[in-house]
Amino acid sequence: MKIEQLKDLLKKFDANIIYDADLKKKNWFNIGGKTKVFFKANELKDLVEFLKTLNNREKIQIIGAGSNLLISDETYDGVIIKLGKNFNRLSILNSNMIISGAAVLDKKLSDYAANNGLSGLEFLSCIPGTIGGAIKMNAGCFNKEIKDILLSIQALDKTGNILTIPVEKINFEYRKNNLPEDLIFLSASFRGLPKDKDEIKKTIIKLKNQKDKNQPTNIKTSGSTFKNPINKTSKKVWELIRESVPADISFGVLVKS
Ligand SMILES: Cc1cc2nc3c(=O)[nH]c(=O)nc-3n(C[C@H](O)[C@H](O)[C@H](O)COP(=O)(O)OP(=O)(O)OC[C@H]3O[C@@H](n4cnc5c(N)ncnc54)[C@H](O)[C@@H]3O)c2cc1C
C-alpha cells in the first residue's frame, strides 16, 4: 500500500506509530535499516483494532528485545510491531502458577519467580530476551528450555482472534515450535516449584556467573550464536571473534544496569 494511503488508514493510531522508523535501536546488535511502519501496541484492544484495520494488507513482523534478530540494511516494506506497557505484567495464580505478559524480559520473570519462592525458572535469568521471543525460539540454557516450565500461551492471530493454547498442543523442538508463523504471543502461564527464596537466588547467581564466563553478554561479539570449541583448553568463540577483528574496529560494549 502507498505510504499516503497507509497513513490515512492508520490515522487513529498516530500516537503509537513511527513512519520510516530506524530499527537500529530496536535490536541487540544495533544493526539494520528502517521499517515503513513501527507500531508500539500498549494495550490488547489497540493491537486487535490495529490488526483489524490493517486487514492483512501489509506484511507484519513482531519483535521482542531483538536479541535473536539480524536486521537487514534495506527498508522493511511492512509493519513492525512491538508490545508495550500492558504486556509487561506479572502475576501469581494458585500460589505456583505465574502469568507473564509477552513483553516481560526473561530475567524479570526469573527474578519474580525467585522473589515469590518459585523455582525452575532460574535459567531464564541468562537469556537476554522477552517471553514472547523465548516462546517462539523455545529458548533455553543449562539443560532447560521454555517448554519445560510452560503451561499454556495466549496468542492473537493476524485477523485479531484470541486463542489459548495448552503446552500439550505445541510441538517444541530445539529453538523452534510448530505454531503458525503469524501468531502474536500475548501472555503465557508457567509452573514453578516452591523452594527457599535464598536458595533460588543463589542458583541464579551461579548460573549467571557460569554464563558470563562462557558467553559474556556485555561484549557484542554474537559469540553465543556459535558452539564453543569442544577442546576445553581452546579459547571461547567470543574471544576468537574479538581477536579476529582489526584493532581499529571496536565492539559495542553495553553498560550493565
Ligand atoms: C548474548 C546473547 C546470549 C544468548 N543466549 C541464549 C541462550 O542461552 N539460550 C537461547 O535459547 N538463546 C540465547 N540467545 C538468543 C536470544 O536471546 C533468544 O532467542 C531470545 O529468546 C530472543 O528473544 P527476543 O525477545 O529478543 O526475540 P527477538 O529476537 O525480538 O525475536 C525472535 C523471534 O521471536 C519472535 N517474537 C518475539 N516476540 C514475539 C511475540 N510476542 N509473539 C510472537 N513472536 C514473537 C520474532 O518475530 C522473531 O521471530 C542469546 C542471544 C544473545 C545476543
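Checking 103, 114, 139 one by one, the residue that is within 12 Å of the ligand (Cβ to nearest atom), more than 28 Å from residue 17 (Cα to Cα) and surrounded by 23 or more Cβ atoms within 10 Å (Cβ to Cβ) is 139 and no other.
When segment 119-145 is filtered for residues that are under 18 Å from residue 208 (Cβ atoms) and in a helix (DSSP H, G or I), the ones remaining, listed by number, are 122, 123, 124, 125, 126, 134. Among the candidates 133, 84, the residue that is within 12 Å of the ligand (Cβ to nearest atom), modelled with pLDDT of 95 or more and buried (at least 24 other Cβ atoms within 10 Å of the Cβ) is uniquely 133.
Between 73, 77, 46, the distinction of being away from the ligand (no atom under 12 Å from the Cβ) and in a strand (DSSP E or B) belongs to 77 only. The residues in segment 176-192 that are polar (S, T, N, Q) and either surrounded by fewer than 15 Cβ atoms within 10 Å (Cβ to Cβ) or not in a strand (DSSP E or B) (or both) can be counted, and the count is 1.
The values are calculated or read from the model by the stated rules, or taken from the named source; none is laboratory data. All of these numbers come straight from a predicted model, not from anything done at the bench. Backbone-built Cβ (ideal geometry, glycine too); neighbour counts: all protein chains shown.
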